[in-house]
Amino acid sequence: MEAPPIREPRIYYGEERDNYVIVKGSTPEFDYPKGKDNAYAAYDGTGGIPIGATVWRGLFAYYFNDPNLILSSYITADSRIMIRRNIRERIRTIAPFLRLDHDPYLVISDGRMFWMQDAYTTSSYFPSAQPAQDLDLNYIRNSVKIVVDAYHGTVDFYLMDTSDPVALTYQRIFPSLFKPFSAMPADLQKHIRYPEDLFLSSGAALSNLPHGSRRRFSITARISGNSRASRAATALQRWLRITSSCGCPASRRPSSS
């Protein structure tokens, strides 16, 4: 199978520690070693905040306690400073009310790279719901998918479940934050998967039900038309049938991949 082409392989926003970087400076950026020489690149995206003006350099030097932002001769009038480059911190800064899955994943779409992050709406006070064991909540739904551009740093929130009352409340509070699922590019929709944290927490909760209840309990994928989500739900059903018949401990859970 031929690998998908990548037109822009550089990642400026990812899972590494959140250190600021300066782009569009007076010196080229080191890209990768090339024999005895080095290959260099120049950032051509829209990420970051303009820092060419002296007042902005002074403000960021104070914020980061780094006088080099004022003294450096590498910063030009076109330079930009990228902050909050860790995608999870970036998302939490925008929407701290969403709980994030522990495993964001990188995908390739249209020759470029994007991070996909599953997000949950949760509550500890949802009516007529039993609290989850070892978790401070009694309601959780994977109603939001988040896409972060690894090059530009843009963050898009897509509302997947329009029947979720918690998500709809957030949408009324922040009407410009959430986009409909139909607005997500079709190629990115192909990369949607069933979130791992929800898979494991669902398995743990259902494994505590009486054996007869487990057999009657049906699990359906909430992601319409997504074969991977359907396979994950089917695997969870199969695992519950196995534990019901063999008495396997709840810690032996299947992988969602």
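The values are calculated or read from the model by the stated rules, or taken from the named source; none is laboratory data. Nothing here was measured: the structure is a model prediction, and the numbers come from that model. Cβ sites come from the backbone with ideal geometry, for glycine too, and all protein chains shown count toward neighbours.
Checked against the criterion of being among the β-branched types (Val, Ile, Thr), modelled with pLDDT of 90 or more, surrounded by fewer than 16 Cβ atoms within 10 Å (Cβ to Cβ) and part of a loop (DSSP other than H, G, I, E, B), region 48-71 has no qualifying residue.
Conditions tested, residue by residue: (1) closer than 29 Å to Arg85 by Cβ; (2) among the hydrophobic types (A, V, I, L, M, F, W, C); (3) touching a Ser or Thr at 6+ places or on another chain (Cβ under 9 Å).
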site	(1), (2), (3)
Thr154	yes, no, yes
Leu159	yes, yes, yes
Pro175	yes, no, no
Pro180	yes, no, yes
Tyr194	yes, no, yes
Phe199	yes, yes, yes
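Within region 150-176, if we keep just the residues that are surrounded by fewer than 20 Cβ atoms within 10 Å (Cβ to Cβ) and of a type in the set (Gly, Ala, Ser), the residue that is nearest to the chain's Cα centre (by Cα) turns out to be Gly153. Inclusion of Tyr120 among residues that are in contact (Cβ under 8 Å) with a residue 12 or more places away in the chain, surrounded by 17 or more Cβ atoms within 10 Å (Cβ to Cβ) and either hydroxyl-bearing (Ser, Thr, Tyr) or assigned by TED's automatic domain parsing to the domain that holds Thr46 (or both) is warranted.
For Ile140, the criteria (1) β-branched (Val, Ile, Thr); (2) modelled with pLDDT under 95; (3) surrounded by fewer than 16 Cβ atoms within 10 Å (Cβ to Cβ) hold in every case but one, which is (3). Among the residues making up region 101-149, those that are in a loop (DSSP other than H, G, I, E, B) and within 11 Å of the chain's Cα centre (by Cα) are Asp101, His102, Asp103, Pro104. Give me the residue from region 98-117 that is charged (D, E, K, R) and touching a strand residue (DSSP E or B) at 6+ places or on another chain (Cβ under 6 Å) and, out of that set, surrounded by the most Cβ atoms within 10 Å (Cβ to Cβ). Per the stated criteria, the residue is Asp101.
Residue-wise test of (1) at pLDDT 90 or above; (2) touching a Leu at 6+ places or on another chain (Cβ under 6 Å); (3) within 30 Å of Pro5 (Cα to Cα); (4) aromatic (Phe, Trp, Tyr).
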site	(1), (2), (3), (4)
Tyr105	yes, no, yes, yes
Ala119	yes, yes, yes, no
Ser123	no, no, no, no
Gln130	no, no, no, no
Asp136	no, no, no, no
Met160	yes, no, yes, no
Gln171	yes, no, no, no
